[in-house]
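Below is one structure, written out as structure tokens; comments come after it.
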Amino acid sequence: MEQKVFAYGETETRFLTAQDPVLGAAIARIGHIERAVIPDLFAALINSIAGQQISGKALATVWARLCDRLGEMTPESVLDAGEDGLRACGLSGRKAGYMLAAARAVQDGTLPIHSLVDKTDEEVIKILTALPGVGRWTAEMLLIFSLERPDVLAFDDFGIRKGLCRLYGLEEITRTQFAIYRARYTPYATVAGLYLWAVAAEK
């Protein structure tokens, strides 16, 4: 399956450093981050569903099993696998059901997934969250890791919140505080998020 990494460079990192020297220090310390993206929108949707409420390491394991079992990630291959086949890859019955529902929606045209390319971020979120089991976080992960949208920061992501708390010495972060940082990072909040995940993962 084709893979590439999220594209960014000095334009984004210089802007973020100027806007927020604390984040800038983390950017300088960590260096350039390479995060794989999945250009195929259907495969990315299945990946985002698989990644709900599990660690990145656990997702990598489940995803490798899915790819091995299904081969090409298409609505047909997901539907052919069925719930038992998907669960054999390490998925819960609930997640398997969400994947099957997404596959049926794409196959029957209820979800014209390739049209998402032309939609705004909020339009993509609205369309995807109409699917069973797809919340805002899942849609935001697709915006980042498939559509490569530049200004996405997920409040519902534990790693993002953990990174913010570590970086700024907070016990927890409220939505109001989050909105302040979010506005500071715009229009490159996605790149800020890559570094917040990295900060959260540091020992």
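The values are calculated or read from the model by the stated rules, or taken from the named source; none is laboratory data. A quick note: this is a predicted structure, and the numbers were derived from the prediction, not measured. So basically every Cβ, Gly included, is an ideal-geometry build from the backbone, and we count neighbours across all protein chains shown.
Can you confirm whether VAL106 is in contact (Cβ under 8 Å) with a residue 60 or more places away in the chain and surrounded by fewer than 17 Cβ atoms within 10 Å (Cβ to Cβ)? Against the criterion (in contact (Cβ under 8 Å) with a residue 60 or more places away in the chain and surrounded by fewer than 17 Cβ atoms within 10 Å (Cβ to Cβ)), VAL106 does not qualify.
Looking only at residues in segment 12-34 that are in contact (Cβ under 8 Å) with a residue 40 or more places away in the chain and surrounded by fewer than 17 Cβ atoms within 10 Å (Cβ to Cβ), the one that is nearest to VAL199 (Cα to Cα) is ILE30.
Consider segment 157-183 and keep the residues that are within 20 Å of LYS57 (Cβ to Cβ) and not hydrophobic (A, V, I, L, M, F, W, C). The one that is surrounded by the fewest Cβ atoms within 10 Å (Cβ to Cβ) is ARG166.
Residues checked against (1) hydrophobic (A, V, I, L, M, F, W, C); (2) in the same structural domain as ASP157 (by TED's automatic domain parsing):
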| residue | (1), (2) |
| --- | --- |
| GLU12 | no, yes |
| ILE30 | yes, yes |
| ASP80 | no, no |
| CYS89 | yes, no |
| TYR98 | no, no |
| GLN107 | no, no |
| THR110 | no, no |
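Filtered by the rule that a residue be of a type in the set (Ser, Thr, Tyr) and crowded, with 18+ Cβ neighbours inside 10 Å, segment 184-203 gives TYR185, TYR188, THR190, TYR195. Selection over segment 60-100 of residues that are among the polar types (S, T, N, Q) and either surrounded by 20 or more Cβ atoms within 10 Å (Cβ to Cβ) or in contact (Cβ under 8 Å) with a residue 12 or more places away in the chain (or both) gives a count of 2.
Can you find, within segment 172-203, the residue that is modelled with the lowest pLDDT among those that are outside any helix (DSSP H, G or I) and within 19 Å of ILE30 (Cβ to Cβ)? This residue is LYS203.
Once segment 1-58 is narrowed to residues that are among the charged types (D, E, K, R) and not in a helix (DSSP H, G or I), the residue that is farthest from ARG149 (Cα to Cα) is ASP20. Applying the set (1) over 20 Å from the mean Cα position of the chain (by Cα); (2) buried (at least 18 other Cβ atoms within 10 Å of the Cβ) to LEU41 leaves exactly one unmet item: (1).
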